[in-house]
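Contents: one structure, followed by commentary.
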Amino acid sequence: MDTLLRVDALEKTFLMHQFDEKKITGCRNISFSVNEGEFLGITGPSGSGKSTIIKCIYRTYLPTGGHIYYQSDLYGTVDLASAMDRQMIKLRQTEIGYVSQFLSIMPRTTALEFVAESLLEMGEDEAAARLRAEDMLAHFHLREALWNTYPKTFSGGEKLRLNLARAMVRKTRLLLLDEPTASLDQASKETVKERIHELKMAGTTMIGIFHDLDFMESVVDRTYQLQSGILKEVN
Amino acid sequence: MLGYRQLPKTTGNEAGRPMTHNEMRPLLSVRHLTKRFGKGCSFCRQPENLPPLNNRCPRCGTVWACNDLSFDLYEGEILGIVGESGSGKSSLVQCLYFDTSVTGGTATLSNYQDGETNIFLESPQQKRYIRNHLMGMVYQNPWTGLKMNFSSGGNIAEKLIAAGHFNVHHIQKRAADLLDHVEIPLSRMNEAPRNFSGGMQQRVQISKALANRPPILLLDEVTTGLDLSVQARVLDLIRRIQHESRTAMIVVSHDLGVIRMLCDRTMVMKQGRCIEAGLTDQILEDPHHAYTQLLVHSLL
């Protein structure tokens, strides 16, 4: 199988200028690779740097060392650790998705528009995007009465499900999951699992962080454990 | 020949291909832009002599409002410029719109003389041409951008006439379309913006700036001082414009919330210098410069 992503000696430190130039290590010397179509799980205690790795891949964090070689459809091999901002924006629009447990909403945007927007970004036309968005909201059991209202006043669970609908409606080449199921109830977790299987069938490669080990074991192909900064493969 | 072209409407289904040459080539390219207020002296003309966190020359009192700024703006993107009052943000866009002359540096537009001419050195006529055809500007204060005694429709007509449109029918129709687009009731088209609320004035100003379909729109603190619901409406309008016409925009704001909502890339300015630039979420979650860290940690 072809390697889609190869992380090589990734390092991220944060320099806190407000606090006597204190250095905080996010992760260091992280190396692993993911094959095309594979689902890789990363576990480890809180603060071990799991999210840091995911955010470095998505470039929300700028890595301070190492390389992240990604096999892009558009550009061939790209080192995400040093790719141009413009290239990163394009890759985020078309190839790399990111799901977290936090919803960041736009003012005056309805739930349906919010989900459809993510498809429009990829170049889908408006009518098709709307239909797919409706499907996805239904899949995540968001009441139809809420589709054309603003999410600001949704309940916690509704916001979470809306967030997942937006992030998982697209078929990206690589999907990064940053504890998306952290505060979901059992029924919602099942719908996430179903969608993960669909995306996997469609060939999406995924890297996920989960605290719920049972859930993780039911979806991933391989697991790495991050323990005091060292990444180990678990069988 | 001057290279003015109308922007194509996006047709969808185009995000999934690699960037074309045109997309890789910046629409606006600014290099070493410098603007000083004051005569300058032999000491402060060496930029490295200025104290690191001050843009005022300790010897002659000259203020270096923009100090060696270089950046690119691409088609269809929104570039954010954030910084505190006095950091040089407004001076920068005023230089780009020729409201004030630059001290040094170059700017080229890919759709003007093939990107080979420094527009800062053009003749006043050519600068007017660029302002009327290739750029739009929305000021923080609607009184700067609008003729308050003209009607709203008249304000738009003024811009269209400057851009070489003389057909009265066409002008009226375009003005009506634009005002409708920014949710100004057509019944008030002949009323002077003087009578309008601040948010309405701002929306008339945006419609005026858009009248000639400029490929580049400069927005200087356009939501500052508006109350929240009006602000949301103006932001909504800006996003809609970007979505529909792929107009490239420079959004100047001291409000990180506005920047977060609108911009793909962000440049942080302090004391006339660019201290940090990157993807907006990266600037907000992984700020590198001490000032940006302070700014992010002050965010409500």
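All of the numbers you see were taken from the coordinates with simple rules; none came from a lab. What you are looking at is a predicted structure, and each value in this text was computed from that prediction instead of being measured. When we count neighbours, we look across all protein chains shown, and the Cβ atoms used for this are built from the backbone with ideal geometry, even at glycine.
Overview of values
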read-out	value
Rel. contact order, % - alpha carbon contacts under 8 angstrom, at least six apart, chain B	24 percent
222 nm mean residue ellipticity, helices alone, for chain B (DSSP H n ≥ 4; -39,500 (n - 2.57); rounded to 500)	-10000 deg cm²/dmol
Inter-chain Cβ neighbour average for residues B:170-182, partner chain, 10 Å	0
Partnerless cysteines, meaning none of the other Cys C-beta atoms lie under 4.7 Å away, in the protein assembly as shown	A:CYS27, A:CYS56, B:CYS66, B:CYS95, B:CYS263, B:CYS274
J(HN,Hα) series, segment B:41-58, from Karplus relation 6.51 cos²θ - 1.76 cosθ + 1.60, nearest Hz, glycine and proline x	9, 4, 6, 7, 5, 9, x, 5, 6, 5, x, x, 10, 8, 10, 9, 5, x
Fewest-first sequence of A:ILE24, A:ILE57, B:ILE283 by Cβ atoms within 10 Å of each Cβ	A:ILE24, A:ILE57, B:ILE283
For A:THR64, distant residues with modelled amide H under 5 Å away	A:GLU11, A:LYS12, A:THR13
Kirkwood hydrodynamic radius over Cα pairs of segment A:137-230, then Stokes diffusion coefficient at 20 °C and 1.002 mPa s, in µm²/s	149 µm²/s
Sites A:ASN235 and A:MET1 - FRET efficiency at Förster radius 22 Å, r taken between beta-carbons, to 0.05	0.75
Semi-axis lengths (Å, descending) of the ellipsoid that matches the C-alpha gyration tensor of segment A:1-59	27, 12, 9
Chain A: proportion of alpha-carbon pairs further apart than 28 angstrom, %	32 percent
For A:ASP79, distant residues with modelled amide H under 5 Å away	A:TYR70
Exposure proxy ranking, count of Cβ atoms within 10 Å, fewest first, for B:PHE43, A:PHE19	A:PHE19, B:PHE43
Selected from A:GLY41, A:GLY66, A:GLY123 as most flexible by GNM, with chain A as the system and alpha-carbon contacts under 10 Å	A:GLY123
Helix B:228-245 vs. chain B, principal-axis angle (Cα, 0 to 90°, nearest 10)	80 degrees
Local electrostatic count, B:LEU50, Cβ distance below 12 Å [Lys/Arg +1, Asp/Glu -1]	+3
Whole-number D in µm²/s for the protein assembly as shown (Stokes-Einstein; Kirkwood sum over Cα pairs; 37 °C, 0.692 mPa s)	130 µm²/s
Relative contact order (%) - segment B:190-272, alpha-carbon pairs under 8 angstrom, separation at least six	29 percent
Peptide A:53-65, shielding by other chains (average Cβ, 10 Å cutoff)	3
Karplus-derived 3J(HN,Hα), 6.51/-1.76/1.60, for each residue of segment B:288-300, Hz, glycine and proline x	9, 6, 4, 5, 5, 4, 4, 4, 5, 6, 8, 5, 5
Taking A:GLU190, B:GLU276, B:GLU48, A:GLU113 and counting other C-beta atoms within 10 Å, the order from fewest to most	B:GLU48, A:GLU190, A:GLU113, B:GLU276
For segment B:27-299, projected area of the alpha-carbon convex hull averaged over all directions, nm²	14.8 nm²
Other protein chain Cβ atoms within 10 Å, averaged over every residue that makes up B:280-288	5
Total formal charge among the other residues, if their Cβ is under 11 angstrom from that of A:LEU103, Lys/Arg +1 and Asp/Glu -1	+3
Share, in percent, of DSSP beta bridges within the protein assembly as shown that are antiparallel, nearest 5	55 percent
Amide N of segment B:190-221 lying under 19 Å from the label point, which is placed 7 angstrom from the Cα of B:LYS147 along Cα→Cβ	B:190-196, B:201-213
Derived scalar couplings ³J(HN,Hα) [segment B:29-34; Karplus, 6.51 cos²θ - 1.76 cosθ + 1.60; whole Hz; x for Gly, Pro]	10, 10, 10, 6, 5, 9
Anisotropy class of segment B:206-300 from Cα gyration tensor, a/c 1.5 cut	prolate
Under 14 Å, Cβ to Cβ, from B:LEU178 - net charge with Lys/Arg +1 and Asp/Glu -1	+3
Amide H contacts of B:LYS270 (H built 1.01 Å from N, under 5 Å, at least 5 apart or other chain)	B:ILE275
Non-local Lys pairs in chain B, i.e. 8 or more apart or on different chains, that have alpha carbons under 24 Å apart	20
Gap separating the Cα centres of segment B:152-177 and segment A:107-133, nearest whole Å	34 Å
Span from the segment B:246-300 Cα centroid across to the segment A:152-218 one, whole angstrom	30 Å
Chymotrypsin sites (Phe, Trp or Tyr not before Pro) within segment B:148-257: DSSP coil, no more than 10 neighbouring Cβ in 10 Å	B:PHE166
